[in-house]
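Visitor: I'd like to ask some things about the structure below.
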Amino acid sequence: MNEGHLFKIALGCAVAGICILYILAGMLPKDINTQPLSLLEEDQEITVQGIITNISVTNNVTRLIVQRLELVPIISFDRVDAKEGDAILIKGKVQSYREKKEIIAEKTYTNSSSPSK
């Protein structure tokens with residue numbers, strides 16, 4: 001194999017890799033909030049990403065504790081197909097309950113499920 005042919009193959013792979021990275025970057029959520037929950041306003045829409053450290057289900061309510069920069073309580077009125085240790089992305093609103101802020105989930109995405117709601 002001559003050097004010119006090898007160069008063309010390497011250049012083609014590099015261009016293809018850059019195109020794939022560009023496409024994948026467009027799929028990433030850009031609005032993930034990293035501010036502490038205590039600094040957010042009531043009814044503010046938020047997107048949070050983290051790891052589930054605790055999950056409990058009672059009646060039609062799923063309560064999650066998600067680890068990101070801090071532990072974040074999440075309440076979902078839909079079934080969440082997840083378990084402790086799963087990565088999760090939540091879109092919802094900040095609410096106060098008993099003078100503590102939590103997030104009421106509108107949509108949840110886990111590494112093992114499609115979006116809820």
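Visitor: Looking only at segment 63-110, count every residue that is aliphatic (A, V, I, L, M) and under 16 Å from Q44 (Cα atoms) and tell me the total. Step through it out loud before you land on a result.
Guide: So the first thing to find is which residues in segment 63-110 are aliphatic (A, V, I, L, M), and the list is 64-66, 69, 71-72, 74-75, 80, 82, 87-90, 94, 103-105.
If we keep only those that are under 16 Å from Q44 (Cα atoms) too, we end up with 72, 74-75, 90, 94, 103-105.
Number satisfying all stated conditions: 8.
Visitor: Let me ask another. Report, by residue number, each residue of segment 59-101 that is in a strand (DSSP E or B), over 17 Å from the mean Cα position of the chain (by Cα) and surrounded by fewer than 14 Cβ atoms within 10 Å (Cβ to Cβ).
Guide: V61, S96, Y97, K100
Visitor: While we're looking at this one, here's another question. I'm told S56 meets every condition in (1) farther than 20 Å from S38 by Cα; (2) assigned to a loop (DSSP other than H, G, I, E, B) except one. Can you identify the failing condition by its number?
Guide: Condition (2) is where S56 drops out.
Every read-out reported here was derived from the displayed coordinates using simple, explicitly stated rules and does not represent laboratory data. The shown structure was predicted, so the numbers you read here are calculated from the model rather than taken from an experiment. Positions of Cβ are generated from backbone atoms using ideal geometry, with glycine treated the same way; all protein chains shown enter the neighbour counts.
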